[in-house]
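**Student:** Right, I'll just put the structure down here and ask away after.
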Amino acid sequence: MNAILERYSVRRFEDREVEPEKTEAVLRAGMSAPSGGNQRPWEFYVIKDKDTMEKLAGSSPYAMSAAGAALVIVPCFRTEGLIYPELVFMDMSACVENMLIEISAQGLGGVWLSIAPYEDRMRNADVILGIGDGLSSFALIPVGYPAMKRTVPDRYEKNRVHDR
Ligand SMILES: Cc1cc2nc3c(=O)[nH]c(=O)nc-3n(C[C@H](O)[C@H](O)[C@H](O)COP(=O)(O)O)c2cc1C
């Protein structure tokens, strides 16, 4: 529960590498997400090449933070052979949230940079990654050690809860 309550978006990072076992823990968390019919539509690109990271940072007007991270995880989704294609964005959202929580639990920082459902951003990122046929990018997650730490306010709002 702490990792959920302590998670916040990190967009500025230390110039420090992320240990491979921490990256694997984050990917494992993503792959542990629930999905419709357990269809697990995801594939993951782990980008460490600075030139590619800078290109990805330009794939959306709100993705500048992808340029300064230690690495960028790009969760992608399969577009063919799915049992429930209409559930794919929900599957991928659960996957991304799991990864963000694990990033926080590992003492790292990250942020969800939206690519899907914006077709121009998806096309941009797909071209940069050299993917297409049967696979499309969903989001960018820059990952690294946070340049600054902060505390998170309690967002519980009793008035959002409705008893019947
Ligand atoms: C679906 C979704 C899309 C988002 N897209 C972006 C984005 O493109 N760029 C960005 O800097 N942050 C993006 N964010 C991060 C939000 O701005 C952030 O989660 C929100 O302001 C709450 O702050 P917190 O994550 O620190 O709690 C996105 C978050 C979600 C859930």
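The values are calculated or read from the model by the stated rules, or taken from the named source; none is laboratory data. In this text the structure is predicted, and so the values were computed from the model without any measurement. Here Cβ is always computed from backbone atoms with ideal geometry, including for glycine, and neighbour counts include all displayed protein chains.
**Student:** Consider region 28-44. How many of its residues are part of a helix (DSSP H, G or I) and within 15 Å of Phe89 (Cα to Cα)? Let's see the steps before the verdict.
**Tutor:** Within region 28-44, the subset part of a helix (DSSP H, G or I) is 28-31, 36-38.
Still in the list and also within 15 Å of Phe89 (Cα to Cα): 30-31, 36-38.
So the count comes out to 5.
**Student:** What residue, of Asp154, Asp126, is loosely packed, with under 13 Cβ neighbours inside 10 Å and either in contact with a helix residue (DSSP H, G or I) (Cβ under 9 Å, 6 or more places away or on another chain) or not in a strand (DSSP E or B) (or both)? So that I can check it myself, show each step before the final result.
**Tutor:** Numbers: Asp126 fails: loosely packed, with under 13 Cβ neighbours inside 10 Å.
Residue meeting the stated conditions: Asp154.
**Student:** List pairs: first in region 67-80 and among the hydroxyl-bearing types (Ser, Thr, Tyr), second buried (at least 20 other Cβ atoms within 10 Å of the Cβ) and in a strand (DSSP E or B), Cβ under 6 Å, 6+ apart or cross-chain?
**Tutor:** Final answer for the pair search is Thr79/Ser136.
**Student:** If a residue must be surrounded by fewer than 23 Cβ atoms within 10 Å (Cβ to Cβ) and closer than 20 Å to Phe13 by Cβ, how many such residues does region 129-148 contain?
**Tutor:** Matching residues across region 129-148 total 4.
**Student:** Could you please let me know if Tyr118 is of a type in the set (Phe, Trp, Tyr) and under 30 Å from Met148 (Cβ atoms)?
**Tutor:** yes
**Student:** Would you pick out the residues in region 55-68 that are touching a helix residue (DSSP H, G or I) at 6+ places or on another chain (Cβ under 7 Å) and either surrounded by 17 or more Cβ atoms within 10 Å (Cβ to Cβ) or of a type in the set (Lys, Arg) (or both)?
**Tutor:** Lys55, Leu56, Ala57, Ser59, Ser60, Ala63, Ala66 - these are the residues of region 55-68 that are touching a helix residue (DSSP H, G or I) at 6+ places or on another chain (Cβ under 7 Å) and either surrounded by 17 or more Cβ atoms within 10 Å (Cβ to Cβ) or of a type in the set (Lys, Arg) (or both).
**Student:** A further question on this structure: Restrict the check to region 43-54 and report whether at least one residue is without any contact (Cβ under 8 Å) to a residue 60 or more places away in the chain, exposed (fewer than 14 other Cβ atoms within 10 Å of the Cβ) and more than 21 Å from Ala125 (Cα to Cα).
**Tutor:** No, because not a single residue in region 43-54 is without any contact (Cβ under 8 Å) to a residue 60 or more places away in the chain, exposed (fewer than 14 other Cβ atoms within 10 Å of the Cβ) and more than 21 Å from Ala125 (Cα to Cα).
**Student:** Right, next: Name the single residue, out of those in region 104-123 being within 27 Å of Leu5 (Cβ to Cβ) and hydroxyl-bearing (Ser, Thr, Tyr), that is farthest from the ligand (Cβ to nearest atom).
**Tutor:** The qualifying residue farthest from the ligand (Cβ to nearest atom) is Ser104.
**Student:** Checking Glu86 against (1) in a strand (DSSP E or B); (2) more than 16 Å from the ligand (Cβ to nearest atom), which test does it fail?
**Tutor:** It is condition (1) that Glu86 fails.
**Student:** Take region 149-163 and flag every residue that is of a type outside the set (Asp, Glu) and either modelled with pLDDT under 95 or closer than 22 Å to Val10 by Cβ (or both).
**Tutor:** At the first step, the residues of region 149-163 found to be of a type outside the set (Asp, Glu) are 149-153, 155-156, 158-162.
The answer is Lys149, Arg150, Thr151, Val152, Pro153, Arg155.
**Student:** Can you tell me which residue in region 1-24 is farthest from Leu140 (Cα to Cα), limited to those that are surrounded by fewer than 17 Cβ atoms within 10 Å (Cβ to Cβ) and of a type in the set (A, V, I, L, M, F, W, C)?
**Tutor:** Applying the filter and picking the extreme gives Met1.
**Student:** For region 1-25, name all the residues that are under 13 Å from Gly107 (Cα atoms) and within 16 Å of the ligand (Cβ to nearest atom).
**Tutor:** Those that are under 13 Å from Gly107 (Cα atoms) and within 16 Å of the ligand (Cβ to nearest atom): Asn2, Ala3, Ile4, Glu6, Arg7, Tyr8, Ser9, Val10, Phe13.
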